[in-house]
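Please treat every number below as a calculation from the coordinates, not as lab data. Quick caveat: nothing in here was measured; it's all calculated off a predicted structure. As a convention, Cβ positions derive from the backbone with ideal geometry for all residues, glycine included, and neighbour counts pool all protein chains shown.
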Amino acid sequence: MRVLGIETSCDETGVALYDTERGLAADALHSQIAMHAEYGGVVPELASRDHTRRLLPLIQTVLSDAGVSRGELDAIAYTAGPGLVGALMVGASTAHGMARALDIPVLGVHHMEGHLLAPMLEDAPPAFPFVALLVSGGHTQLVEVEGLGRYRLLGESVDDAAGEAFDKAAKMLGLDYPGGPAVARLAETGDPTRFRFPRPMTDRPGLDFSFSGLKTHTLTAIRKLEADGELDDAARADVARAFEEAVVDTLVIKCRRALDQTGLKRLVVAGGVSANARLRERLGLETAKRSAEVFYPRGRFCTDNGAMIAYVGAQRLLAGEHDTVGQMQAVPRWPMDGLEPPAGR
Ligand code: ATP
Ligand code: MG
Ligand code: FE
């Protein structure tokens, strides 16, 4: 089955073609990062307009890279949510329009299920069951995964997501949006012993997270350095390092707990923050210690992409799931607990 995947939930237009026999045949992405950078964050109306401009040419590119004609498509999958409603509607209406014209099935996919299963596109994919840490711009969740659509939420952030905290810390440090990669780069030269930031919610049992306090902590540290006339490049790097260590250490502690609690030996880490090198290094050591394994998507599939949507769509479409003709879905808020395995599985 050849499935075209379309992702437009936020600030990247992603398209891919997944063939259930041959695997991923092609993928393409247009990131709007440069366009939003001057505003310091995503401007929803600009995002929708840009998806409208980019989507059809990207679909053309993917089809020609894959050597597949429109008529050879078997189905279309698109991100139905969660995300920015205007941005979602661009992908949803394009997918439904194309599917109607080609008379093939179409399915709205959950964006976080896409992130969660993105490691399935790699050469040595994880087997079920596993523990998943979803760490992106809008989510920080630990999920016990038994199979496609069988997800149990173990814990999540009660306030900011880890990626959001990176983005806010970056702003305070005068770095560009999106902040994660910029903070990580600056942190490389920082002294890890100069400041120690708290590891929120690790002193009590449970698998929930809280990252908003770290924001305040970062701001306080920067203000104090400024007041003392010590806020130079080296000091900024030290703050970035302390911040990154605190976030990474907190994530590692909770992953360890989730593995203990479930007795599982496989950990999947996905979403934008899973690209973080320090996090990967620490989780590598931690899982090796307990003869567990850790799985990630390849670098460019950590953040938003069409491949993960094509993949999840293909699994569900194969099982016979599809949208009602003419009823596109665009669901801005959509908790993942509501997902179910495809009917008949
Ligand atoms: P969601 O998937 O929750 O709706 P999103 O789609 O905006 O949110 P992603 O595209 O998965 O999130 O990830 C983007 C986030 O990942 C940003 O917050 C960014 O700062 C962060 N990020 C990307 N690379 C790194 C890195 N190397 N270190 C830390 N954070 C990173
Ligand atoms: Mg993004
Ligand atoms: Fe995302």
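Structure notes:
- Karplus-derived 3J(HN,Hα) values for the stretch 56-70, using 6.51 cos²θ - 1.76 cosθ + 1.60 with θ = phi - 60°, are 5, x, 5, 4, 4, 4, 5, 4, 6, 4, 7, x, 10, 8, 3 Hz; glycine and proline are entered as x.
- Under the Karplus curve 6.51 cos²θ - 1.76 cosθ + 1.60, θ = phi - 60°, whole-Hz ³J(HN,Hα) for the stretch 121-132, x wherever Gly or Pro sits: 7, 8, 5, 10, x, x, 8, 6, x, 8, 9, 10
- The relative contact order of the stretch 124-231 comes to 23 percent, based on Cα pairs under 8 Å that sit 6 or more residues apart.
- Extension gain from S212 to E21, taking 0.36 nm per residue of separation minus the Cα-Cα distance: 64.3 nm
- Computed from phi, the 3J(HN,Hα) profile of the stretch 251-256 under the Karplus parametrisation 6.51, -1.76, 1.60 (θ = phi - 60°) reads 5, 5, 4, 6, 5, 4 Hz, with x in place of Gly and Pro.
- Taking the stretch 110-139 and a reference point 7 angstrom along Cα→Cβ of I33, the backbone N atoms nearer than 16 Å belong to 136-138.
- Relative protection proxy for 91-97, 228-234, 12-18, 53-59, from highest mean packing down: 12-18, 91-97, 53-59, 228-234 (other beta-carbon atoms within 10 angstrom).
- Relative contact order [Cα under 8 Å, 6+ residues apart], the chain, whole percent: 26
- Residues with amide H under 5 Å from that of T140, placed H, sequence gap 5 or more: S157, A162
- The chain - convex hull of the alpha-carbon atoms, volume per residue in Å³: 130
- 10 Å binning of all Cα-Cα separations within the stretch 102-229, expressed as whole percents from 0 upward: 11, 32, 30, 19, 6, 2, 0
- Distant-in-sequence amide H partners of A25 (H built 1.01 Å from N, under 5 Å): L17, Y18, D19
- Most to least packed among 124-132, 251-259, 191-199 [average Cβ atoms within 10 Å]: 251-259, 124-132, 191-199
- Cα-only radius of gyration and Dmax that characterise the stretch 44-101, units Å: 12.1, 34
- The translational diffusion coefficient of the stretch 102-158, from Stokes-Einstein at 20 °C and 1.002 mPa s with a Kirkwood hydrodynamic radius over alpha carbon pairs, comes to 169 µm²/s.
- Here the ratio of the Cα radius of gyration of the stretch 228-327 to 2.2 N^0.38 Å is 1.51.
- Ellipsoid semi-axes for the stretch 278-345, based on the Cα gyration tensor and the rule √(5λ), read 33, 15, 13 Å when sorted largest first.
- Three-way shape label, the stretch 3-141, alpha-carbon gyration tensor, a/c 1.5: oblate
- Between the amide H of V268 and those of V131, A132, L133, F295, distances stay under 5 Å, these residues lying 5 or more places away or on another chain, with hydrogens modeled in the peptide plane.
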